[in-house]
Amino acid sequence: MSQNNLNSDSQNSETIPLQQTPGVEVSAEVEPAKAVTEKDVSLKEKKKPETNQRLVSLDAYRGFVMLAMASGGLAIASVVRNSPEVLDQYNGTQWESSWKTLWQTLSYQLSHVEWTGAGFWDLIQPSFMFMVGVSMPFSVRKRRQKGDSTFKIWMHAIFRAILLVALGVFLSSQFSPERGFTYEDVPQTNFTFANVLCQIGLGYLVVFFYVNRSFATQMIGVVTILGGYWFFFYQYMPPEDELAAVKTYLKEVQHKDEAEWSQFSGIGSAWNKHTNAAAAVDRQLLNMFPRYDNPKDDPDQGDTFWVNNGGYQTLNFIPSIATMLFGLMAGQLLISNRLEKMKVKWLLQAGLICFGISMLLDTSIWPVNINNWEWHLVPIVKRIWSPGWAIFSAGWAFWFLAVFYWIIDVKGYKKWAFPFVVVGMNSIAMYCMAQLLRTWIQVSLMIHLKALDKATGWSVGGSLFSADCPYAPIAVSATVLFVFWLICLWMYLQRIFIKI
């Protein structure tokens, strides 16, 4: 376990005589004007980057992503959806239009899009996966420096991949019991592999194989994976009986209409929800495991998996490998001896290239609509991690990383990033807390704030959990997030860093 030096950005302007500078000899008659400051030495050192130095920007970016994930979007989308009085608050005033636009924009950006396109919330998972790739070269270098053999490094990678998948399944199988529940009331393990930890674990060893390979080799891997996955979708034609059964289930059990599975026509129809190639694989794969979800109205066949309601599929991990490979390329760039400004330039250019390619593949991601200009060669869909999405989301990840790296490690503005670093150093802990402890922390706050209110006559808990205030869910979410952060801060100060 290691810890960032949070004071590494501080610079002392105290003048140091030249004779104290290593490797330099001067006479005692040197004028003070010729003295060298620590800042001068620092500037000289920046000409040749220190490749062994821990990059604070990586922890900060990872922490930013995990804080966003743990926030749950601060419940803003649900507030806008369930409390129309929020939007109507300034009706009839000069602020009406701006107020509604603000909340509608926040709601869109802090929730997943229905199928195609992207908001900020859709970029959290690819950013996390991208950072897995970025971290790999640094992790391997550290183990090499410790003297680990290639065999030992690979054994650790295999262990990590298995543990990530197991942890993902464990977190997907949580149960909120009622008082008096029995053994028979508890559902069995939910064997699903679409969450981010399972996806990382399933593709981890493939990405690890490409560590320290040449850029050309890595690009061949990306093109092969995305091109092959595109063809796998393109050539698939669902059997008529299976297609009819899926549509019947969606209509009669899920009470969905045709819009649920007909987002695209023509070549893009291969990427429609529930009828694509990856969905067909899950109907075979997931039914090999014991099921308790999606019950089928046939007692002879028992509980059967039909669809993932969100459209997420197990095979998403294949194009996700490309996302992690993009991150691996970025990590090898950052660990190299190139000048810092060139690293930033390459990251920005890589993002721009990704945007250009993805916009050529699918017009649905264009910021403006142009009449008679519409095609969907590779629809950009996050929920099935289409090849177009892998490229588009990588563009944003490259740009986010470039900004964090430039501000924190190039310009040296590190102190502001401390709240993010605290979380980034314990990203797995934050992820598990967000999945396991949210309800428990919320109930604990209710219990103890009620005691505080009764003892003092205040109304802290009453205001925070008010049923009459439409903004209360936002305040509660922010408070729970702050508690998560305080736990990470305590772990950071105690030098407790949970790694896999």
In the range 224-243, the residues that are within 30 Å of F326 (Cα to Cα) and among the hydrophobic types (A, V, I, L, M, F, W, C): I225, L226, W230, F231, F232, F233
Selection status of L202, touching a residue at least 12 places away in the same chain (Cβ under 8 Å), assigned to a helix (DSSP H, G or I) and open to solvent by 60 Å² or more (accessible area, probe 1.4 Å): yes
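Yes/no per residue for (1) closer than 24 Å to W271 by Cα; (2) among the charged types (D, E, K, R); (3) without any contact (Cβ under 8 Å) to a residue 12 or more places away in the chain; (4) open to solvent by less than 80 Å² (accessible area, probe 1.4 Å):
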position: I335; (1), (2), (3), (4): no, no, no, yes
position: R338; (1), (2), (3), (4): no, yes, no, no
position: M342; (1), (2), (3), (4): no, no, yes, yes
position: W346; (1), (2), (3), (4): no, no, no, no
position: G356; (1), (2), (3), (4): yes, no, yes, yes
position: D362; (1), (2), (3), (4): yes, yes, no, yes
position: I365; (1), (2), (3), (4): yes, no, no, yes
position: V368; (1), (2), (3), (4): yes, no, yes, no
position: N371; (1), (2), (3), (4): yes, no, yes, no
Exclusive hit being assigned to a helix (DSSP H, G or I), of a type in the set (D, E, K, R) and surrounded by fewer than 19 Cβ atoms within 10 Å (Cβ to Cβ), set R179, R144: R144
Helices (runs of 4 or more DSSP H) wholly inside the range 433-500 containing at least 1 residues that are under 27 Å from L163 (Cβ atoms): 438-456, 472-493
So A390, is it farther than 30 Å from L464 by Cα, assigned to a helix (DSSP H, G or I) and without any contact (Cβ under 8 Å) to a residue 60 or more places away in the chain: no
Enumeration of residues in the range 208-246 that are under 23 Å from V281 (Cα atoms), aliphatic (A, V, I, L, M), crowded, with 16+ Cβ neighbours inside 10 Å and within 26 Å of the chain's Cα centre (by Cα): V222, I225, L226
Among the candidates Q435, Q494, residue that is surrounded by 14 or more Cβ atoms within 10 Å (Cβ to Cβ) and either more than 25 Å from the chain's Cα centre (by Cα) or not acidic (D, E) (or both): Q435
Residue count for the range 205-236, restricted to those that are under 25 Å from H156 (Cβ atoms), out of contact with any Leu (no Cβ under 8 Å at 6 or more places or on another chain) and not in a helix (DSSP H, G or I): 3
In the range 330-377, the residues that are assigned to a loop (DSSP other than H, G, I, E, B) and closer than 22 Å to F120 by Cβ: W366, P367, V368, N369
Any chance G119 is touching a Phe, Trp or Tyr at 6+ places or on another chain (Cβ under 7 Å), surrounded by 14 or more Cβ atoms within 10 Å (Cβ to Cβ) and without any contact (Cβ under 8 Å) to a residue 24 or more places away in the chain: yes
Some residue of the range 102-121 being acidic (D, E) and either in a helix (DSSP H, G or I) or in contact with a His (Cβ under 7 Å, 6 or more places away or on another chain) (or both): no
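The values are calculated or read from the model by the stated rules, or taken from the named source; none is laboratory data. What you are looking at is a predicted structure, and each value in this text was computed from that prediction instead of being measured. All Cβ positions, even for glycine, are placed from backbone atoms using ideal geometry, and neighbour counts span all protein chains on display. Side chains are part of the model used for accessible areas, which takes the heavy atoms of the whole protein and leaves out ligands, DNA and RNA. Shrake-Rupley method; radii C 1.70, N 1.55, O 1.52, S 1.80 Å.
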